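The values are calculated or read from the model by the stated rules, or taken from the named source; none is laboratory data. Values in this document were obtained by computation on a predicted structure and should not be read as measured data. Quick reminder, even Gly has a Cβ in these numbers, built from the backbone with ideal geometry, and neighbours come from all protein chains shown. Heavy atoms of the whole protein, side chains included, go into the accessibility calculation; ligands, DNA and RNA do not. Shrake-Rupley method; radii C 1.70, N 1.55, O 1.52, S 1.80 Å.
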Amino acid sequence: MARVSQQHLDARRRQILDGATRCFARNGFHATSMQDVLREADLSAGAVYRYFSGKEELIAAIVNEVLDTVREAFEDAARQSPPEPPDVLIGQVMERVLGRGFAQGVDGSTQLPRMMVQVWTEILRNEELSALIRTGFEAVVAAWVRVVEAYRAAGLMRADIPAEHVARTMIATAQGFAAQQVLFGAVPVEVVQNGLRGLMSMGEQRPG
């Protein structure tokens, strides 16, 4: 019997996750059945259940993937000396997350923002998913705190504001941008970058 390559296994797992993401983003978690996922991924039940035991495991895998991508982006930034300024960094993270090969809709747009909103509503009733999100959020906060510490070490940021407060604010900016994509339509990442640049320029402007 021919041995299946790791590349084939990874591609099949990606196919399943993309199909599940499209279903969840389109119909929500509760209105989506495993049969819906099978049809969307165009795979048999045996092929899907080889990788995931059910819907809850699929949701957890998708959430973990997103959180890992965000955390890795901030950790990479913290290793720079100094890191890019917040407007550039947030843009890099959003581009990295939105372009990470996540499922695409029929119009070619990423399904990730819609999926994020579905997750936020689901954690209100799902304690296991809530715990997963909390752990992932703490890891992202910790990564951003390291970015803030690197800014301070380079003399680029004031030291009297708690680093965690800065971290939470920047994460909220990225979350809010994702929510706007769902509620009001897609806009380029440059919009949030330009907004941050405007806020960051306040100290440079002096009333005449």
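For the range 155-172, how many residues are touching a residue at least 40 places away in the same chain (Cβ under 8 Å) and open to solvent by 50 Å² or more (accessible area, probe 1.4 Å)?
Summing the residues that are touching a residue at least 40 places away in the same chain (Cβ under 8 Å) and open to solvent by 50 Å² or more (accessible area, probe 1.4 Å) in the range 155-172 gives 1.
Would the range 44-57 turn up any residue that is touching a residue at least 24 places away in the same chain (Cβ under 8 Å) and of a type in the set (Lys, Arg)?
Yes, that holds for at least one residue.
Let me confirm something: among ARG134, ARG197, which residue is open to solvent by 40 Å² or more (accessible area, probe 1.4 Å), over 20 Å from the mean Cα position of the chain (by Cα), on the phi < 0 side of the Ramachandran plot and of a type in the set (D, E, K, R)?
Unique residue meeting the criteria: ARG197.
Suppose we filter the range 1-33 for residues that are assigned to a helix (DSSP H, G or I) and open to solvent by 80 Å² or more (accessible area, probe 1.4 Å); how many remain?
6
Can you confirm whether the range 173-181 contains a residue that is open to solvent by less than 30 Å² (accessible area, probe 1.4 Å), of a type in the set (A, V, I, L, M) and in contact with a Gly (Cβ under 6 Å, 6 or more places away or on another chain)?
Looking through the range 173-181, none of the residues is open to solvent by less than 30 Å² (accessible area, probe 1.4 Å), of a type in the set (A, V, I, L, M) and in contact with a Gly (Cβ under 6 Å, 6 or more places away or on another chain).
Go through the range 148-192 and count every residue that is over 15 Å from PRO83 (Cβ atoms), part of a helix (DSSP H, G or I) and not aliphatic (A, V, I, L, M).
12
Sort out which residues of the range 43-82 are outside any helix (DSSP H, G or I), within 20 Å of VAL166 (Cβ to Cβ) and touching a Lys or Arg at 6+ places or on another chain (Cβ under 9 Å), and write them in order of number.
ARG79
I need every pair where a residue in the range 82-94 that is modelled with pLDDT under 90 has its Cβ under 7 Å from the Cβ of a residue that is among the hydrophobic types (A, V, I, L, M, F, W, C) and outside any helix (DSSP H, G or I), sequence separation at least 6 or different chains.
Hits for this filter: PRO82/ALA154; PRO82/LEU156; GLY91/VAL189; MET94/VAL189.
Can you tell me which residue in the range 95-109 is surrounded by the fewest Cβ atoms within 10 Å (Cβ to Cβ), limited to those that are modelled with pLDDT under 80 and in a helix (DSSP H, G or I)?
Once the filter is applied, the top-ranked residue is ARG96.
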